[in-house]
Amino acid sequence: MPTLDTAEILNILQMRRQHCRNLLDLSRRQRGLIDASDYSHLLTVLGQKQRLLGRLDELNTQHPDLRGQWVRLRTLGDPEWRDDCEHVLAETEAILADLLAEEQESTEFLTQRRDDTQQQLQAVSQGARVHEAYRDSLAPSTHRHLDVGQ
């Protein structure tokens, strides 16, 4: 595991922040596509989000001790560098909080749509069964003829 210098640590933190910002932008686009019921474009956005998550995972895999190195250098490093890193970390945390809220809203919205659709399908199914029941019980009597002259 290579030791990173301060510039590399700041660069990695900035890349992570940018990936998180891009994820937030995609999540907002996702919500708009869900609202518009545009599921074909939604799949494209989900694919883009998956690629970004892969990049974030790759950064974590390449630098598993980033946190430990940051903690060690934080007290020894240049105060300006430390302030820059802390600023990037604070922005990343704020972006992640917004991202979490956006994802929760989308999940709740999709769950509500799923439940509404399920209720509608049940209503249609019950209506079809009721119609079938009436049709079956009326079928023999609809073929009878009433002789008014008798």
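Every number here is computed from the coordinates shown, using simple stated rules; none is lab data. Computed from a predicted model, the values in this text were never measured in an experiment. Glycine gets a Cβ as well: all are built from the backbone with ideal geometry, and neighbour counts include every protein chain shown.
Points worth noting:
- Once the Cα-Cα distance is subtracted from the 0.36 nm per residue extended length, the Ala101 to His41 segment shows a gain of 19.4 nm.
- Shown for Ser27, Ser40, Ser125: other C-beta atoms within 10 Å of each C-beta, ranked fewest to most, produce the order Ser40, Ser125, Ser27.
- The ranking of Ile34, Ile95 by Cβ neighbour count inside 10 Å, starting from the fewest, reads Ile34, Ile95.
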